[in-house]
Every structure is written in structure tokens, then in C-alpha cells.
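Read the structure below first, then the notes.
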Amino acid sequence: MYGLIIYLLSGVLLAQVFRMEYFASRFFSFLILSLIAFIFSFLFPFKIVFYVAFILFLCIGAIQIKRKGFNFDYRSETAFLMTFLFFLFLRSLDPDAYGAEKLMDYAFLNTVLNAQHFHPPDPFFAHGTLNFYYYFGYVIGAGITLMSFLPLEIGFNVAIASIPAYFVMLGYGLVKNLWDGLDRKNGKGIIFATLFIAFSGNLYAVYELVKDAISGKLPGFLFYWNATRIIDDATYGKTINEFPYFSFIHADYHAHFVALPIKLLAIYFLYRYMKDNGDADKRAFGFCLIPTIFILFATNSWDAPIFLFITALVVLYRIIKLKKRSEIFAGAAIVVLSVLSIAALYATMETPAAKPFFTSERTALWQFFLYFGIVILLNYVYLWNEISSRLGIISILVGILGYIISPVMPLVFPLAVLSLKRFSKGDFLSILIFSASLLILSCEFIAIESRLNTFFKFYLAAWILLSLPAAICIARSFEGYSDFVFSPKAKYLVALLLILSLVYPTIATPARYYKAEFSLDSSKFIRDISIDDYNAIQFLKNRRGIIVESAEGCYTYGSRVSAFTANPTLVAWSCHEVQWRANPDELAKRMAEVRALYKTKDCQAAYEIVKRYNVSYIFLGYQERKDYGVYRLKCFKEVYRSGETVVYTTEW
């Protein structure tokens with residue numbers, strides 16, 4: 001409890017460091033703290049670097065309060081706190097770092113937290129590092145854990161709850177910025193708009209609910225999952241089509257999940273930069289994009305080119321509008337420095353090349369509408385005044401004809417054309433619509449790595465971009481701005497779409513969180529499966545060295561020792577390692593050697609394996625007995641036992 005209070009209060013104090021609107025300052029200050037820790041951890045241990053920088057930032061925050069007063073907005077902080085407590089409560093119902101890819105997330109977070117220098121060790125491939133994976137999101141999670149002074153078993157769930165909290169706080173602040181008139185009303189519009197940005201679902205949830213009702217069934221556990229597997233794919237069956245609220249309740253601490261609030265912060269800086277009218281002081285918002293875009297790349301590399309493109313459009317707009325040579329230099333500096341910072345990190349990475357290719361698959365219009373229908377319709381409401389124009393009619397006709405090229409053209413092409421027209425008049429939200437439209441259309445013709453992953457990353461980014469104009473529609477409708485839309489009756493359409501968007505969170509949340517563990521201990525599942533394993537893992541937490549545990553399968557219990565001790569295992573999660581490292585032969589060799597260590601009666605051969613990899617400990621627990629059918633290892637010395645679980649040392 002005290003750790004949570006310290007974490008929340010320190011976040012408020014950090015918000016004093018960089019003076020801007022509170023909601024942006026609170027998150028940006030923490031990101032820069034994490035960035036400083038990230039950079040200097042290439043030279044020094046991460047924990048030491050983070051705490052030194054953390055203390056420095058707290059001191060600067062205190063000085064700023066004395067000099068400039070207290071930067072605080074209780075509405076923004078309330079939005080953060082309420083969301084944080086809500087998702088922390090959900091995590092308390094099912095706190096385990098197990099299921100889906102949570103065990104991998106925990107392992108990566110733990111290896112960052114305990115790294116003596118960066119790149120951190122790969123917990124699932126001894127003697128390797130995380131130089132194949134953009135892991136800044138785990139730096140953020142490790143920072144949250146250290147700020148709370150909680151053990152990682154609890155800090156893991158605190159970090160998961162913090163991401164939607166930052167997202168809601170930034171969404172609230174963005175809506176206030178994007179429509180200044182909200183402050184002159186009673187505020188219900190901003191509440192509904194923020195609710196939509198963070199909690200909305202898609203029409204597939206409505207479709208499935210109706211289908212279940214007709215067949216007399218109640219929605220099951222997979223109701224929360226099915227709404228993100230809609231669009232057909234010839235290779236994988238379905239593409240991945242997540243949206244923010246699904247990511248929040250699914251709660252894998254993945255790159256795309258952590259990047260969600262960072263995207264909103266980048267949009268805030270883009271908005272302020274576009275609207276600053278040449279004010280040198282406010283131009284600093286443009287330069288804030290440099291570290292923000294770098295952090296986006298280091299967290300979720302797919303987002304960086306998207307926001308570089310939007311930044312370039314904003315720079316071009318400012319150059320044309322202000323007609324100042326200084327704008328050319330400033331804009332070029334922002335883009336070039338962003339690219340150079342990305343290139344500097346990329347030069348240290350060894351990621352498999354993600355090759356783009358043309359795809360002949362097309363998205364069915366009805367599947368597309370089930371995913372994007374609500375936000376697309378609200379964006380058309382936003383652009384309604386443009387639709388009745390000559391250009392609007394022509395774009396609709398061209399879009400209908402474009403169905404031959406791609407079935408999504410009738411819905412997306414007019415959006416692209418009309419938003420570009422509105423953007424030319426200085427409308428910021430239209431640049432988001434235009435960029436999202438291009439992202440969606442690009443998925444119809446080009447894929448990177450796989451069509452599944454391209455849809456996953458680009459559709460999620462497009463959802464974020466389109467959700468903001470949709471949210472402004474909702475806000476203005478609820479505040480009674482009938483002149484904003486095509487007729488006063490349009491507010492009923494907007495209200496209906498909002499209600500439909502909330503079907504998903506209403507049904508999916510209890511479907512996903514059907515347990516009631518009432519704990520924040522993410523290691524609870526280990527105790528439930530084997531208390532002996534849990535005790536042996538506690539023993540290994542205080543020791544360092546390469547370990548061996550079960551290497552069979554993926555998404556399994558087998559990698560729990562490396563994940564929770566931060567000791568690299570010889571090999572685990574082979575199905576992911578082969579994608580990250582593209583080394584199937586080496587992985588197969590290591591997996592065979594792990595089997596040999598557990599099954600061989602040839603002690604000399606076993607000694608050669610442990611010597612080759614400098615293995616310190618061999619773990620024989622629940623999963624190893626299950627996978628290899630052995631109950632003791634005669635070639636090695638027992639150093640710890642708890643019931644049937646044994647830890648062996650390779651030293652004599």
C-alpha cells in the first residue's frame with residue numbers, strides 16, 4: 001500500500017520538471033526519466049542509473065515548485081487515479097504473469113530490471129542479449145516498479161494498470177485541447193469523449209451478442225477475444241485486430257500496449273506544434289517530438305514511421321502557412337534529428353529484416369465494417385460539411401468504383417480526400433483522419449513481415465488516430481452543438497454509436513476477469529501449480545548463473561525459472577526465439593542438449609554440455625518431470641530441495 005502511495009505522489013512531483021499542461025508534463029517527465037536511464041544503462045547498472053536520475057528529477061521538481069509554483073490539475077490526476085485503480089482491481093482478480101505471453105513479458109521486464117548494462121541478457125537464450133527486440137516498454141515498466149519500491153511480482157501488475165491510466169489522462173487532456181469550447185460547458189461532453197477513446201469496442205461485439213441471443217446462448221470467455229480476430233487471412237486464418245480496451249483487459253505487457261499512451265502524447269505535441277503560430281516558446285513542443293518519436297521507435301518500432309510521416313505533414317503545413325525560413329530549419333531539424341536518433345539505436349540492434357511485399361488478398365467490406373464501422377461513421381459525421389460539396393460527391397463515386405480494386409475503398413477513399421481538403425484549411429484532426437486512411441489503404445496492397453502483423457500494428461494505430469475526431473463528435477453532440485453536424489437529429493446517431501461502442505467493455509470485462517483471486521502477486525500461479533517449484537525459485541533468486549529448465553513448447557509453464565529469477569536459461573520459448581533470431585539450427589541443437597541433460601546416463605557427455613554453455617544450475621521441478629519423465633539427475637550434486645523439486649549445481 002505504501003509503495004502505491006509513493007508511486008502516485010512521485011508521479012505528481014515528476015510533473016513539475018517539464019512545465020507544460022499537467023497531463024502531458026506528468027507523462028513526458030517520466031518518459032524522459034526513463035530515456036535517461038535507458039541511455040546511461042549502456043554504461044552502468046540499470047537500477048543504479050534509474051534511482052540516481054529519479055532522485056535528480058525529484059529534486060528538480062521540488063525546485064520548480066519553489067520557483068514557479070505547483071503544476072497540478074486535479075481533473076487530469078483524477079482521470080489517472082480512477083483508471084489506475086480500476087485496472088489494478090481487474091489485475092487483482094487475475095494477477096498471474098501466466099497465460100498468453102505474460103510470462104515472456106515478465107521475463108523481459110525482470111532482465112531489464114536486473115541488467116548490469118544494456119542490451120540486457122536474453123532470459124530465454126543464454127549468452128544472447130535483447131538486441132533483437134525493441135524493449136523500451138520494459139524500461140518503462142521497470143521504472144514504474146522501482147518508483148513504487150515494490151517487488152516485481154507486484155510491480156508487474158502496477159505497471160500494467162499504469163498504461164491505461166496514462167492513456168485515459170492523456171485522452172482527457174487531448175479532448176480539452178482539441179476543442180477549447182468544452183471548458184465553457186458542463187463537462188459531460190469531455191467525459192463521454194474520453195470514455196470513447198479508452199473504453200470503446202467495435203461492432204463485432206454487437207454482432208456476436210445478437211447472434212448469441214438469437215441462439216439462446218450467454219456470451220462466453222472468448223467473447224472478449226473474438227472481437228479482435230475478424231478479418232480473414234489466407235496464411236493464419238485471421239489477422240490480429242486489437243483496439244485499446246482489448247489490449248488493456250487482455251493485459252499482455254507488450255510493445256504495442258505500452259506504446260498506446262506514447263502515441264497520444266505524440267499527437268498532443270503535434271497539435272501544439274501545428275497551432276503555435278510561430279511563437280518561439282511554443283515551438284519547443286515541436287522539438288519535444290524528437291525524444292517522443294525515438295521512444296516510440298524504441299518501444300514499438302512500427303509506430304515511428306507513422307508519426308514521422310505525420311510530423312512531416314505538420315512541418316510542411318507550417319512552412320506553407322508561416323512562410324518563414326526559420327520554419328524550414330526548425331522543421332528539418334525535428335525530422336532529421338528524429339531519424340538520426342532512431343538510426344543510432346537501430347545500429348546497435350540485430351533484428352531480422354522485416355521485408356515488405358505486395359499482397360493480393362483483400363479485406364471483405366463487412367469484416368472491415370465490423371471492426372472500424374463505429375469510428376468510421378463518427379469520422380464521417382465530423383466531415384459532414386465536406387460531404388455535400390462537389391469534391392465530396394466525386395470522392396464517394398470514385399470510392400464506390402474503387403470497390404473493384406479493394407472492397408474497403410467506398411468507406412476509406414472519401415475519408416482520405418475530404419480530410420485532406422479540411423487539413424489544407426488548418427484543421428488538425430483532419431491530418432489524423434488522412435494519415436489513418438492511408439494506413440488502412442496501404443494494408444490492402446503491402447504487407448511487412450506478414451499480413452497478420454501488418455494489420456495488427458497499422459490498424460491499431462489507425463484506430464487511435466480516428467478515435468480522436470470521433471471523440472470530438474461525441475463531445476460536441478453531448479454539449480448541444482447542433483450546428484456542428486448535418487442536423488440536430490445527428491446527435492441521436494452519435495449517441496447510438498456511443499452506446500454500441502460500449503457493448504464490448506460491458507460484456508467483455510466480466511467475461512475476461514471471471515476469477516476473484518484478490519491478489520496482486522503475479523507469481524501466485526507458481527504456488528498454485530507447485531509450491532515446491534516456488535520455493536526453489538526463491539532459492540535461485542539470490543544466485544546468479546545460467547540455468548537449465550524445460551525447453552519444450554511455448555506459452556508454457558516451463559520458462560518460469562528464468563522469468564522469475566532473471567537467470568538466463570539455456571533455451572526457452574523457441575517458437576519466438578526462432579522469429580527473433582532466425583537461428584532454427586542453433587535452437588534445435590540447444591533443445592536436444594537440454595533433453596540430453598535430463599535423460600542421459602552418460603555423465604561425461606552431460607559435463608561437456610554444461611561446460612560448453614557455462615551452466616551453473618539445473619532445475620528439476622514439476623514441468624521437467626512432466627516433459628522428460630525423470631525424478632533425479634545422477635550426474636550432478638543436489639544443492640537445494642523442496643519436496644519433489646530439486647536444484648542441482650554443476651560445481652563439485
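The values are calculated or read from the model by the stated rules, or taken from the named source; none is laboratory data. Please read all numbers here as calculations on a predicted model, not as lab measurements. Ideal geometry is used to build each Cβ from the backbone, glycine not excepted, and the neighbour counts take in all protein chains shown. Keep in mind that these areas ignore ligands, DNA and RNA; they rest on the heavy atoms of the full protein, side chains included. Shrake-Rupley method; radii C 1.70, N 1.55, O 1.52, S 1.80 Å.
Are any residues in the stretch 485-503 assigned to a loop (DSSP other than H, G, I, E, B) and at pLDDT 95 or above, and if so, which ones? If you could, list the steps in order and put the result at the bottom.
Taking the stretch 485-503 as the starting set, the residues that turn out to be assigned to a loop (DSSP other than H, G, I, E, B) are 485-489, 502.
Once the filter is applied, which keeps residues that are assigned to a loop (DSSP other than H, G, I, E, B) and at pLDDT 95 or above, the stretch 485-503 yields only Leu502.
Looking at Gly171, is it over 14 Å from the mean Cα position of the chain (by Cα) and part of a helix (DSSP H, G or I)?
Numbers: over 14 Å from the mean Cα position of the chain (by Cα): yes; part of a helix (DSSP H, G or I): yes.
Yes.
Is it the case, given these coordinates, that Ala312 is buried (at least 20 other Cβ atoms within 10 Å of the Cβ), in contact with a helix residue (DSSP H, G or I) (Cβ under 7 Å, 6 or more places away or on another chain) and small (Gly, Ala, Ser)? If you could, list the steps in order and put the result at the bottom.
On the way: buried (at least 20 other Cβ atoms within 10 Å of the Cβ): no; in contact with a helix residue (DSSP H, G or I) (Cβ under 7 Å, 6 or more places away or on another chain): yes; small (Gly, Ala, Ser): yes.
Judged against the criteria, Ala312 is not a match.
List every residue pair whose Cβ atoms sit under 9 Å apart, with the two residues 6 or more apart in sequence or on different chains, where the first one lies in the stretch 149-167 and is under 19 Å from Pro244 (Cα atoms) and the second, anywhere, is among the charged types (D, E, K, R) and in a loop (DSSP other than H, G, I, E, B).
Pairs that qualify, where the first residue is under 19 Å from Pro244 (Cα atoms) and the partner is among the charged types (D, E, K, R) and in a loop (DSSP other than H, G, I, E, B), are Asn157/Asp521; Ile160/Asp252.
Just to be sure I understand, how many residues within the stretch 537-563 are assigned to a helix (DSSP H, G or I) and either of a type in the set (Gly, Ala, Ser) or open to solvent by 10 Å² or more (accessible area, probe 1.4 Å) (or both)? Steps first, answer last, please.
Initially, the stretch 537-563 is screened for residues assigned to a helix (DSSP H, G or I), giving 537-541, 557-563.
Okay, now just the ones that are also either of a type in the set (Gly, Ala, Ser) or open to solvent by 10 Å² or more (accessible area, probe 1.4 Å) (or both), so 538-539, 541, 558-559, 562-563.
Qualifying residue count, the stretch 537-563: 7.
Check the stretch 261-272 and report whether any residue there is modelled with pLDDT under 95, open to solvent by less than 20 Å² (accessible area, probe 1.4 Å) and not in a loop (DSSP other than H, G, I, E, B).
The answer is no, given that none of the residues of the stretch 261-272 is modelled with pLDDT under 95, open to solvent by less than 20 Å² (accessible area, probe 1.4 Å) and not in a loop (DSSP other than H, G, I, E, B).
Restricting attention to the stretch 310-332, and to residues there that are touching a Gly at 6+ places or on another chain (Cβ under 9 Å) and small (Gly, Ala, Ser), which single residue is modelled with the highest pLDDT?
Across the stretch 310-332, the extreme among qualifying residues is Ala312.
Does the stretch 568-589 hold any residues that are in a loop (DSSP other than H, G, I, E, B), among the polar types (S, T, N, Q) and either open to solvent by 50 Å² or more (accessible area, probe 1.4 Å) or touching a residue at least 60 places away in the same chain (Cβ under 8 Å) (or both), and which are they? Full working, then the answer.
Of all residues in the stretch 568-589, those in a loop (DSSP other than H, G, I, E, B) come to 568, 570-573, 582-583.
Imposing the further condition that a residue be among the polar types (S, T, N, Q) reduces the set to 583.
Scanning the stretch 568-589 gives no hits.
Return yes or no: is Tyr98 on the phi < 0 side of the Ramachandran plot and part of a helix (DSSP H, G or I)? Show your work before the answer.
Details: on the phi < 0 side of the Ramachandran plot: yes; part of a helix (DSSP H, G or I): no.
Judged against the criteria, Tyr98 is not a match.
Return the residues of the stretch 23-78 that are hydroxyl-bearing (Ser, Thr, Tyr) and either touching a strand residue (DSSP E or B) at 6+ places or on another chain (Cβ under 7 Å) or open to solvent by 10 Å² or more (accessible area, probe 1.4 Å) (or both); say none if nothing qualifies. Walk me through how you get there before you give the answer.
Filtering the stretch 23-78 down to residues hydroxyl-bearing (Ser, Thr, Tyr) leaves 25, 29, 34, 41, 51, 74, 76, 78.
If the condition is that a residue be hydroxyl-bearing (Ser, Thr, Tyr) and either touching a strand residue (DSSP E or B) at 6+ places or on another chain (Cβ under 7 Å) or open to solvent by 10 Å² or more (accessible area, probe 1.4 Å) (or both), then Tyr51, Tyr74, Thr78 are the ones that fit.
Would you be able to say whether some residue in the stretch 498-512 is over 18 Å from Val408 (Cα atoms), of a type in the set (D, E, K, R) and either without any contact (Cβ under 8 Å) to a residue 40 or more places away in the chain or open to solvent by 20 Å² or more (accessible area, probe 1.4 Å) (or both)? Step through it out loud before you land on a result.
Within the stretch 498-512, the first condition is being over 18 Å from Val408 (Cα atoms), and the residues that meet it are 498-512.
Applying the additional criterion that residues be of a type in the set (D, E, K, R) yields 512.
Now restrict to residues that are either without any contact (Cβ under 8 Å) to a residue 40 or more places away in the chain or open to solvent by 20 Å² or more (accessible area, probe 1.4 Å) (or both): none.
No, every residue in the stretch 498-512 fails to be over 18 Å from Val408 (Cα atoms), of a type in the set (D, E, K, R) and either without any contact (Cβ under 8 Å) to a residue 40 or more places away in the chain or open to solvent by 20 Å² or more (accessible area, probe 1.4 Å) (or both).
Can you go through Val339, Val375 and tell me which one is modelled with pLDDT of 95 or more, assigned to a helix (DSSP H, G or I) and open to solvent by 50 Å² or more (accessible area, probe 1.4 Å)?
Details: Val375 fails: open to solvent by 50 Å² or more (accessible area, probe 1.4 Å).
Every option except Val339 fails the conditions.
If you scan the stretch 403-440, which residues turn out to be modelled with pLDDT of 95 or more and over 32 Å from the mean Cα position of the chain (by Cα)?
Tyr403, Ile404, Ile405
Here's a check for you: in the stretch 135-147, which residue that is of a type outside the set (Val, Ile, Thr) and crowded, with 22+ Cβ neighbours inside 10 Å is modelled with the lowest pLDDT? Break it down into steps so the answer makes sense when it comes.
Of the stretch 135-147, the ones of a type outside the set (Val, Ile, Thr) are 135-138, 141-143, 146-147.
Applying the additional criterion that residues be crowded, with 22+ Cβ neighbours inside 10 Å yields 135-138, 141-143, 147.
Numbers: Tyr135: 93, Phe136: 96, Gly137: 96, Tyr138: 97, Gly141: 97, Ala142: 97, Gly143: 97, Met147: 96.
The selected residue is Tyr135.
If I filter the stretch 232-245 for residues that are part of a helix (DSSP H, G or I), closer than 27 Å to Tyr514 by Cα and out of contact with any strand residue (DSSP E or B) (no Cβ under 6 Å at 6 or more places or on another chain), do I get at least one hit? If you could, list the steps in order and put the result at the bottom.
The initial filter retains those residues of the stretch 232-245 that are part of a helix (DSSP H, G or I), namely 244-245.
Within this subset, residues satisfying the condition of being closer than 27 Å to Tyr514 by Cα are 244-245.
Next, only the ones that are out of contact with any strand residue (DSSP E or B) (no Cβ under 6 Å at 6 or more places or on another chain) stay: 244-245.
So far as the stretch 232-245 goes, yes, one or more of its residues are part of a helix (DSSP H, G or I), closer than 27 Å to Tyr514 by Cα and out of contact with any strand residue (DSSP E or B) (no Cβ under 6 Å at 6 or more places or on another chain).
I'm checking my understanding of the structure. Among residues of the stretch 590-628 that are part of a helix (DSSP H, G or I) and of a type in the set (Val, Ile, Thr), which one is surrounded by the most Cβ atoms within 10 Å (Cβ to Cβ)? Lay out the reasoning, then the answer.
Let us first name the residues in the stretch 590-628 that are part of a helix (DSSP H, G or I), namely 590-599, 603-613, 622-628.
When the remaining residues are screened for being of a type in the set (Val, Ile, Thr), the result is 594, 609-610.
Details: Val594: 26, Ile609: 19, Val610: 23.
Step by step, filter the stretch 590-628, then rank; the result is Val594.
Residues checked against (1) open to solvent by less than 30 Å² (accessible area, probe 1.4 Å); (2) in contact with a strand residue (DSSP E or B) (Cβ under 6 Å, 6 or more places away or on another chain); (3) among the hydrophobic types (A, V, I, L, M, F, W, C):
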{"position": "Ser424", "(1), (2), (3)": "no, no, no"}
{"position": "Leu429", "(1), (2), (3)": "yes, no, yes"}
{"position": "Leu432", "(1), (2), (3)": "yes, no, yes"}
{"position": "Ser435", "(1), (2), (3)": "yes, no, no"}
{"position": "Ile440", "(1), (2), (3)": "yes, no, yes"}
{"position": "Asn453", "(1), (2), (3)": "yes, no, no"}
{"position": "Ala461", "(1), (2), (3)": "yes, no, yes"}
{"position": "Leu466", "(1), (2), (3)": "yes, no, yes"}
{"position": "Ala470", "(1), (2), (3)": "yes, no, yes"}
